[in-house]
Amino acid sequence: MMESQWLLSLGGGMLAGLSALILMLFNGRVAGISGILAGALQHRAPWRVLFLLGLGAGAWLALTLGWATMPAFTTLPGWPVVLLAGLLVGIGTRLGNGCTSGHGICGMGRLSLRSIVATLIFMAAGFITVFVTHHLL
Amino acid sequence: MKLLTSLFAGLLFGLGMAISGMVDPARVTGFLDLAGAWDPSLAFVMGGALLVFMPGYFLLVKPRRQSVLGEPIVAVPTPRLDRRLIGGAALFGIGWGLVGICPGPALSLISSGQPMIMLFIAAMVAGILLFDRGLARVLVPARSKARQPHTA
């Protein structure tokens, strides 16, 4: 059970890495989800919209075909916290120019110092936040 | 053609998000919970992605002057570690830790219609628009206002 989860995570991660490689090799673009979303909101470039449609369709396909199970979402906090978290993610990824995919995969994969630092910081902030919300509050 | 590769790349990414378990907020907070019942398996998501992307980038992308389809390959920003990068990454990490959702998994789950996921996406879009349409002027000093290419 434990081992199969690691393998699924590894396999899913490899698919995401392949996706990022294809987008950069063929289109010259960075597969950073927050950046693609922000760009789609600004200029509505068709490639961004299609990437996002594919993103939704890919996960839908995996869930429909039974390659993945729909999460229970039972651990999510109340709506005010979800709202705050969404705002922080939106503002933070614009300010810091990237999220888990852009900095964590594409930037780190290029050995970009900026992305390595950004990834270390958002991971640390995530660890600290979970520590505070799960163990202190 | 480049629209087709874009759609295909999106599809692969969405498959990866669902199969890897990144779409499950409980797994993500479990990964971030070092002091609790730490579940390290999601580290393999980034590991697996880098295992494919990194050699592919250095062997196939970096030697090229243009993409396979003749598009310019996006400029890599000059290595500058400023308060903007650090503050932004910290805010993002706090939001990520609060719920266990980041942009890729959130948008992957759009077809689920799950109310909290919809709320998260709406709030994230609001945050992006808030920043791009005003907050940027307040948070980013004029000096570094020169538009930085968005990494992600």
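Here, each number is a calculation from the coordinates, and none is a lab measurement. Just so it is clear, the structure is predicted and the values come from calculations on it, not from any experiment. A quick note on method: Cβ atoms are made from the backbone with ideal geometry, for glycine too, and the neighbour counts reach across all protein chains shown.
Shape descriptor for the stretch A:72-137: Rg over Rh equals 1.04 (Cα atoms; Rh from the Kirkwood inverse mean 1/r). Backbone geometry of the stretch A:52-60 corresponds, through the Karplus equation with coefficients 6.51, -1.76 and 1.60 at θ = phi - 60°, to 3J(HN,Hα) couplings of 5, 4, x, 4, x, 5, x, 5, 4 Hz, x marking Gly and Pro. Size estimate for chain B follows the Kirkwood approach: the inverse of mean 1/r over distinct Cα pairs works out to 18.2 Å. Distances between placed amide hydrogens fall under 5 Å for B:D39 paired with B:F31, B:D33, all partners being 5 or more residues away or on another chain. Under a model in which nothing but the beta-carbon of Lys, Arg (+1) and Asp, Glu (-1) is charged, the protein assembly as shown shows a dipole of about 1320 debye around its Cα centre.
In the protein assembly as shown, if every C-alpha pair distance is counted and binned at 10 Å from zero, what percent goes to each bin? Going from the shortest bin to the longest, the percentages are 7, 32, 39, 19, 3, 0. Per-residue 3J(HN,Hα) values for the stretch B:92-108, derived from phi via the Karplus relation 6.51 cos²θ - 1.76 cosθ + 1.60 with θ = phi - 60°, read 4, x, 5, x, 4, x, 4, 10, x, 10, 10, x, x, x, 4, 5, 4 Hz in sequence order (x marks Gly and Pro).
Residue-wise HN-Hα couplings along the stretch A:32-49, as the Karplus relation 6.51 cos²θ - 1.76 cosθ + 1.60 with θ = phi - 60° gives them from phi, are x, 5, 5, x, 5, 5, 4, x, 5, 6, 7, 10, 6, 4, x, 5, 5, 4 Hz; Gly and Pro carry x.
For the stretch B:55-127, the equivalent ellipsoid derived from the Cα gyration tensor has semi-axes of 32, 20, 11 Å, listed largest first. Computed from the C-alpha gyration tensor, the three semi-axes of the ellipsoid equivalent to chain A are 24, 21, 18 Å, from longest to shortest.
Between B:Q114 and B:V138, 0.36 nm times their residue separation minus their Cα-Cα distance comes to what?
5.3 nm
Across the stretch B:1-73, C-alpha contacts under 8 Å between residues 6 or more apart give a mean separation that, scaled by the residue count, equals a relative contact order of 19 percent.
Calculated on the alpha-carbon coordinates, the convex hull of the stretch B:1-80 measures out at 133 cubic angstrom per residue.
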